[in-house]
Amino acid sequence: MQHTYNNNSIDAFKSAVDKSKRIVGFTGAGISTESGIPDYRSKGGIWDKFQPVYFEEFISDENKRLLYWQRKQELWKDLSNASPNKGHMFFKNLYDEGKLAGLITQNIDGLHEKSGLAEELMVKLHGTNLEVTCIDCGFTVPSEEVFEGLDLEQGVPICQKCKGLLKPNTISFGQQLRGEDLERADSLSISCDLMIVVGSTLIVQPASSFPSIAKENGALLAIITLSETPLDCDADFVFHLKIEEFLHLIYPGPPALV
Ligand SMILES: [Zn+2]
């Protein structure tokens, strides 16, 4: 396996995409950085500014609950202004061509949804910030209905149906991934003929096991991410590039006017 790209590997990747009938995407934070979504774990990122709040603390501690909502309110400003980039559109185009069997994402930013990808194709391992849900009765509303005009000095929002606790529909620290999502991701990984990983370091488990499952079940594996990953050795194609740089290589546009 070669870890650098050249014309041959670019042509081979394009040919693999052409031949594939059941492509599954797997995306992480790196696909969204070019949409202006901050990398929350980097220095100066949102985790530096706010301590993470564990799910148990959210339930039991009023102050932690407020802290959690303050962070989500700040995050919402970034998310509501962000638009899908060429990386998200790459998967949307595969979907339009009838080649995309599914998309597994670690992202909660909603940009795949905004690109027009069908809901039923997506497995959102860490949930989504586009919805707010009641952790008591399950009543769910679009996030903008909660965040627009939200004044946390009046207290955190509560469910209009049952007065239970509302929470953005994401998986918090200390919360298990949903079994149903893991099963769907597993079955997509087993049945795909090409898995394309974009912008994930493939370190966080169990999410990162899916590319391995795809490979073990006979799929080709492509990894397009800036840094090295533990699965680079097993992959058929590895491109250490930002997604937009990569797409420019495989689908070069006309030269820019000067
Ligand atoms: Zn409720």
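The values are calculated or read from the model by the stated rules, or taken from the named source; none is laboratory data. Worth saying up front: this structure is predicted, and the values here are computed from it rather than measured. Cβ placement follows ideal geometry from the backbone for every residue including glycine, while neighbour counts extend to all protein chains displayed. Remember, those area values only see protein heavy atoms, side chains included, never the ligands or the DNA or RNA. Shrake-Rupley method; radii C 1.70, N 1.55, O 1.52, S 1.80 Å.
Keeping every protein chain present and rolling a 1.4 Å probe, give me the accessible area per residue for the chain in Å².
50 Å²
Out of the total accessible area of the chain (probe 1.4 Å, heavy atoms of protein only), what percent is carbon and sulfur?
Here carbon and sulfur together make up 50 percent of the probe-accessible area.
Between Phe55 and Leu152, what length comes free when the chain is fully extended (0.36 nm per residue of separation minus the Cα-Cα distance, one decimal in nm)?
33.0 nm
Given Cα pairs under 8 Å that are at least 6 residues apart, what percent is the relative contact order of segment 65-162?
Worked out over segment 65-162, it gives 26 percent.
Contact order normalised by length for segment 116-258, with contacts defined as Cα pairs under 8 Å and 6 or more residues apart; what percent is it?
Worked out over segment 116-258, it gives 17 percent.
Could you tell me the calculated FRET efficiency between Asn7 and Ser227, based on Cβ-Cβ distance and R0 = 25 angstrom, to the nearest 0.05?
My answer for the efficiency is 0.60.
What stretch of the chain, leaving out the sites themselves, is the longest with no GluC sites (Glu not before Pro) in a DSSP loop having at most 13 other Cβ atoms within 10 Å?
149-258
What base-10 log of the normalised intensity I(q)/I(0) is obtained for the chain from the Debye formula, alpha carbons as equal point scatterers, at q = 0.09, 0.10, 0.14, 0.16 Å⁻¹?
Debye output, listed in q order: -0.43, -0.53, -0.97, -1.20.
Local charge sum around Leu100 (other residues, Cβ-Cβ under 12 Å, Lys/Arg +1, Asp/Glu -1)?
Combined, the nearby Lys, Arg, Asp and Glu give 0.
For a quick check: with amide H placed at 1.01 Å from N, whose amide H comes under 5 Å from Gly127's, ignoring anything fewer than 5 positions away on the same chain?
Residues meeting the criterion, in which the H sits 1.01 Å from N, are Ile171.
How much mean residue ellipticity at 222 nm does the chain get from its helices, if each DSSP H run of length 4 or more adds -39500 (n - 2.57) and you divide by all residues, to the nearest 500 deg cm²/dmol?
Using -39500 (n - 2.57) per qualifying helix, the result is -10000 deg cm²/dmol.
Taking the Cα-to-Cβ direction at Gln176 and at Ser80 and moving 7 Å from each Cα, how far apart do the two end points lie in nm?
For the pair Gln176/Ser80, the computed spacing is 3.5 nm.
Of the beta bridges DSSP finds with both residues in the chain, what % are antiparallel, to the nearest 5?
25 percent
Distance check, please: which entries in Lys14/Lys124; Lys86/Lys215; Lys77/Lys215; Lys14/Lys215 exceed 30 angstrom between their Cα atoms?
Going by Cα-Cα distance, Lys77/Lys215 fall outside the 30 Å limit.
Tally the DSSP beta bridges in segment 88-207 and give the antiparallel ones as a percent, rounded to 5.
So the antiparallel bridges amount to about 75 percent of the total.
If I model a spin label at Glu183 and Tyr251 as a point 7 Å from the Cα along the Cα→Cβ vector, what separation in nanometres do I get?
Label-label distance for Glu183 and Tyr251, simple model: 3.5 nm.
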